[in-house]
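Q: Input: one structure, supplied below.
Bear in mind that the values in this text are calculations on the coordinates, not laboratory data. Nothing here was measured: the structure is a model prediction, and the numbers come from that model. When we count neighbours, we look across all protein chains shown, and the Cβ atoms used for this are built from the backbone with ideal geometry, even at glycine.
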Amino acid sequence: MKISTVYFEEASSEHTDRVIQCVSDFLKNNPQVRKIVVATTGGETGLKVAKAFSDREVIVVTHQIGFMAPDYDELSPEKREEIISAGGKVLTATHAFAGVGRSMRKMFDTWTVPEIFSIAYRTFGQGTKVCAEIALMAADSGLVSVNEEVVCIGGTGRGADTAWLVRPAHTSSFPELRMKGCICKPLEF
């Protein structure tokens, strides 16, 4: 397997189309990779990826309900339906590096182990942290196998600026997660 990494000068949602092109180029040379896991907030990135890779299985991972405000879902029912109509599967679940740990940080002003992992992954960029997290979430949901390599797409804020080839793991087996190869990412973040 050959992986060429593309580096963007800075983190930006403006790179979304280039990320899709980088992933497309990678998949042309690696047709055995059949699944793409992509993070989305309002649904635009997830829909764009689902449309671009209609020949693959696309898992679109959203923010958990209540991420921004109690009972609030940032992905509208209409956008969810558009993604599904384009062939994507939508996963809404608790963030692997947050969950209960984040509530303890907020309440007691202290850091927990999963959030420390999140900080460590961010040393490679926010998009890299997102790619690791959505791989864990997709594995825990059963939408990807821990025995297959998948492409994960994430970003910094909105849009996408990062893609990795990942062998997922369940959160209960987190040390088995493998960030196998970087397809693209920003140099400055």
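Q: Per residue of the chain, what 222 nm ellipticity follows from adding -39500 (n - 2.57) for every DSSP H run with n ≥ 4, rounded to the nearest 500? All intermediate terms of the calculation are to be shown ahead of the outcome.
A: Values: 6 runs with 68 residues, N = 189.
Rounded to the nearest 500, it is -11000 deg cm²/dmol.
Q: Related question: With r defined as the distance between the Cβ atoms of Ala69 and Phe174 and R0 fixed at 25 Å, what FRET efficiency is calculated, to the nearest 0.05?
A: Values: r = 29 Å, r/R0 = 1.15.
The calculated FRET efficiency here is 0.30.
Q: Right, next: Just flag the GluC sites (Glu not before Pro) in segment 111-189 sitting in loop per DSSP whose Cβ has no more than 15 other Cβ atoms within 10 Å. Provide the component values of the computation, followed by the final result.
A: Details: sites: Glu115, Glu133, Glu148, Glu149, Glu176, Glu188; in loops: Glu148, Glu149.
Filter output for segment 111-189: Glu148.
Q: For the peptides 33-43, 66-76, what is the packing order when you average, over each peptide's residues, the other Cβ atoms within 10 Å and list the highest mean first?
A: Values: 33-43: 22.1, 66-76: 12.2.
Output ranking for 33-43, 66-76: 33-43, 66-76.
Q: Output wanted: per-residue J couplings in Hz (rounded whole) for segment 84-91, from phi through Karplus 6.51 cos²θ - 1.76 cosθ + 1.60, θ = phi - 60°, x for Gly and Pro.
A: 5, 5, 7, x, x, 9, 10, 10
Q: Rounded to whole Å, give me the distance from the Cα center of segment 72-108 to that of segment 137-181.
A: 15 Å
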